[in-house]
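What follows is calculated from the coordinates using simple rules that are stated; it is not laboratory data. Since we're looking at a predicted model, the values are computed, not measured. FYI the Cβ positions are ideal-geometry reconstructions off the backbone, even for glycines, and counts take in every protein chain you see.
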Amino acid sequence: MSRRAAAAILLVMAAAVGLLLLVNRPASSRPTFRRRLPFLRVTPAVASVTARPGAPAAPVETVRVTLFFSDASEGKLHPEERDIAKPAEPGAFLRALFEELARGPRRPGLIGVLPPRIQLRNGFLMPSGEVVLDIAVDSSLSFGSAEELSIVSSLVDTTLQNVANTQSVRILVNGEPAESLGGHVDLTRPMGFIRDELAP
Amino acid sequence: MLTIGAKSGAQLLAGPGAVQVSVNGRSVEISRPIRSVTGVLYAPPDFFEKALFPLAGARGTWDPSQRLWTVTAGGGTAPAGPAAEPGAPVTVDVAVVHVDPSTQVVLRESTAARFEPQLVTSGIQIRWTDRKVVPPFAERRFDDPLVAAVRFEGDAVTVVFRDASLTAHAYPLTDPDRIVVEVARVVASPPIEPAPPPPPAVPGLTIVIDPGHGGGETGAIGPDGLQEKDVTLQIARRLAAAIPRVLSSRVVLTRDSDSGISLDDRTSLANHEKAALFLSLHANSSRAVGAHGSETYYLSLETSDRVSQDVARRENVAPAAAPGAPAANPDLDFILWDLAQSAHITESSRLAEAIQTQLNVVSKTENRGIKQAPFRVLAGATMPAVLVEVGFISHPEEEKQLRSAAFQESVAVAIAKAVGEFFGRRQPAAAPAAGLAVTPPPARSPGATPPPGK
């Protein structure tokens, strides 16, 4: 009798353990994600609600960014703010910033700094806080110092101004480390914020 | 442009790239152009044969197998016109005069005759080429400190030296017709020697000029098609000529032709030459249409604090490498290269100020001022180093200026003047600091002695 009772208790306990294991299995084997760094430095701007009559209101979450463009007279860099759609991850944010720089300024008196034959191949935010911008440069492009300084400063300063948790920007040319874009500005090391080119 | 003047007032003009040289206003063609390699001019043998030796009233023959010039005086300007009837023998008498430190042997001729002097082991031999000779004697000994004897054999006379340390040259004089043989001790260089390459003017102070871009890398291109690489080379050549006029120095160009060099190799050359200054010449461009004027840059050290900390941290970890051994840690090497210029940043800013001041005064370009930027070509320089933007090639008016020889020359003179001022105010003890031995991977060891300019 007592042996039968003991067997029953054992069976119940085994079932309970099995049930516990079954319940806990999906949770314990779930892949552990590394904690992702926040990459949006600025507070997202107020969602712009496009209220079209008849259409369902589709609120688009946006983020306000600061872009650096050159003035037409002296070539110094000036900030310009605008709202863009909130990107999902750092790579998309870097691409969006580049595209906005390539699109050019809206303020009169400013000019774009990126020639049309410079493209972004890829942008990465490394865990170390270094941003890597891999840009494609057409071999036929040539620059003077001032133009090259504007391009590099605008890319570096726009990136560091907007992407949180970044200390430096490293620029690769056509997927590889390069001395410079066109014979002037040092690209062999990561760059911090370049203040010399900003308008006073 | 090279100008050589002879005692007679004759003049020779030649320069890099020339295939025609001007000898006393007469154009002489040479087989290959004169080349300038790191500031030293190289000329083909026929330059010496057709231009240089005739200028000095000499004649030279080049033996390529022995790489030996045989130079004889008197060949170039010897009077050719025979005054007497052809073939008539020439009567010669001999006088030996010693005027310290040389001895003159005068061979008086009854009529002018062609001759060829040649140094032989015992002395100098004069051979008459178009006449028979009536000798006054076969051999006569002289009680002279330099000349032992004069000996006639056939149509030649040999002036026999006392010892082997003597040399001689011969030249004709007229009225009366005579050949003068001057015998003297060998001083620095005997007259018969392969032409040595000209030595650098002043070893000690070397200035490296870097004409920006080159080869496939055109640099900026102006609206009318002017290329930055051409402007920088032209101004660099003018500057290389202008600097020695204000400062006793040796000037080395990182390139003297349309060739491409990496930025680090340009700086490496300056480090290897232990240059006292590094001047990188550029022409600017900007998308801003209003941008114009000259600018002088020195290195921006915005990130240097962080980099220094990085070096300190790494140096505490990395084992010390043997001097001269390739750096075990490429990152360390890279960071040291970046630090090289930081030791000279004050001097570089002073140099930039001197140059910009002169550019403003002389070239009438607007002052865009003295600026700092993270330019790669300045980063590794172990001496005061600046990058001069002489004007905006993207600006149509300045493109025209940059094309003109007069503007290029005025820019070169302005920079040279500033360089002279920079050294004029400098403390004499301020030698190029060798505290940081920095070499990028492709460069030669900075500890090595630079080869003599050749």
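Percent of alpha carbon pairs in the range A:82-150 separated by more than 13 Å?
Details: 1663 of 2346 pairs.
I get 71 percent for the Cα pairs in the range A:82-150 exceeding 13 Å.
Exposure proxy check: B:Thr346, A:Thr166, B:Thr70, A:Thr158 ranked by fewest other beta carbons within 10 Å?
On the way: B:Thr346 11, A:Thr166 22, B:Thr70 15, A:Thr158 25.
Least to most surrounded, the residues fall as B:Thr346, B:Thr70, A:Thr166, A:Thr158.
For a quick check: sort B:Val134, B:Val251 by the number of other beta carbons within 10 angstrom, fewest at the front. Walk me through the intermediate numbers first.
Details: B:Val134 12, B:Val251 26.
Going from least to most buried by this count: B:Val134, B:Val251.
Normalised by residue number, the volume inside the convex hull of the Cα atoms of the range A:110-189 is 92 Å³ per residue. Here B:Lys50 is the anchor, and the aspartates and glutamates within straight C-alpha reach of less than 17 Å, apart from those fewer than 8 places off in the same chain, are B:Glu29, B:Asp63.
From least to most packed, judged by other beta carbons within 10 angstrom and beginning with the fewest, B:Ser286, A:Ser154, B:Ser248 follow the order B:Ser248, A:Ser154, B:Ser286.
Quick one: Debye curve from the alpha-carbon atoms of the range A:153-200 only, equal weights, vacuum; give me log10 I(q)/I(0) at q = 0.31 Å⁻¹ to two decimals. Those come out to -1.21, one per q.
Give me the net charge for the shell around B:Ile261: Cβ to Cβ below 13 angstrom, other residues only, Lys and Arg +1, Asp and Glu -1. Mind showing how you got there, number by number?
Values: positive: B:Lys229, B:Arg255, B:Arg266, B:Arg376; negative: A:Glu179, B:Asp210, B:Glu217, B:Asp256, B:Asp258, B:Asp264, B:Asp265.
Local charge sum for B:Ile261: -3.
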